Amino acid sequence: MDVVIVGGHGQIARKLGALLTERGDTARGVIRNPDHAEDLRADGIDPVIVDLEDPDTTGQSLAGAFRGATAAVFAAGSGPGQPAERKWSVDHGGVVKTIDACRHAGVDRIVIVSAIGIDGHIEGDDVYSEYQRAKAQADADVRASGLHYTIVRPALLTDEEGHGRVHAARHVERGPIPRADVAATLLAVLDDPSTVGRTFEVVGGPDDIVAAIAGLNALPDTVDAQTAQG
């Protein structure tokens, strides 16, 4: 497997890249800051330096970083404390460019790290509400892309060591989940073709991660009405 991870220096992204390379797969990390390249190389990840927010960066110009890959994972984020404009330029706009890059590069599989609790109408005019709206629109664009997608919506991220156990469903109770377990969930999603066309939330829980992802087959509400499966 050869996976392009957009937002490659993020904690979840680096953990996913390390999981891939440890088992002999290839990981490429798309990063903005060249100073982070050595960190990725230390993890066994091939760095690709591209600024997603640069107006000159288009899906077509980004496609070279994706060509030949098995799948793309979008794990970028504007981060806390950033203005609302960056929620749209990174959390939404980055997804749009990633979708377009996949199309130009012939990469059909995409996995999105989204956010819990963004189904339905989102109230409020604060920055967090804008973040939620940007993520919700990004998810809608992925569903409409025609790509073989999976949308993963983690709950409250922590830096604890991974437990290897989660609860995955269309909707879950808010609670903590270690970033390491999110990375392991993404790996399980990449390994399981039955996750194509699904959206689900994930939180720390009782189930082995691989079993929890396989168990989504028994949860028809995780399959979106509009999917890329057909």
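The values are calculated or read from the model by the stated rules, or taken from the named source; none is laboratory data. Keep in mind that this is a model prediction, so the values were computed, not measured. Reconstructed Cβ throughout: ideal geometry from the backbone, glycine too, with neighbour counts over all protein chains shown.
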Quick one: is GLY117 surrounded by fewer than 21 Cβ atoms within 10 Å (Cβ to Cβ) and either in a loop (DSSP other than H, G, I, E, B) or not β-branched (Val, Ile, Thr) (or both)?
-> yes
Going by the structure shown, is ALA211 over 17 Å from the mean Cα position of the chain (by Cα) and in a helix (DSSP H, G or I)?
-> yes
Within region 66-82, is even one residue part of a helix (DSSP H, G or I) and surrounded by 21 or more Cβ atoms within 10 Å (Cβ to Cβ)?
-> yes
Among the candidates ILE177, ILE151, ILE213, ILE118, single out the residue that is touching a strand residue (DSSP E or B) at 6+ places or on another chain (Cβ under 8 Å) and modelled with pLDDT under 95.
-> ILE118
Residue ID - surrounded by the most Cβ atoms within 10 Å (Cβ to Cβ), chosen from residues in region 41-60 that are in contact with an Asp or Glu (Cβ under 9 Å, 6 or more places away or on another chain) and among the small types (Gly, Ala, Ser) = GLY59
Does ALA134 satisfy the criteria of being in a helix (DSSP H, G or I), surrounded by fewer than 22 Cβ atoms within 10 Å (Cβ to Cβ), of a type in the set (Gly, Ala, Ser) and touching a Lys or Arg at 6+ places or on another chain (Cβ under 9 Å)?
-> no
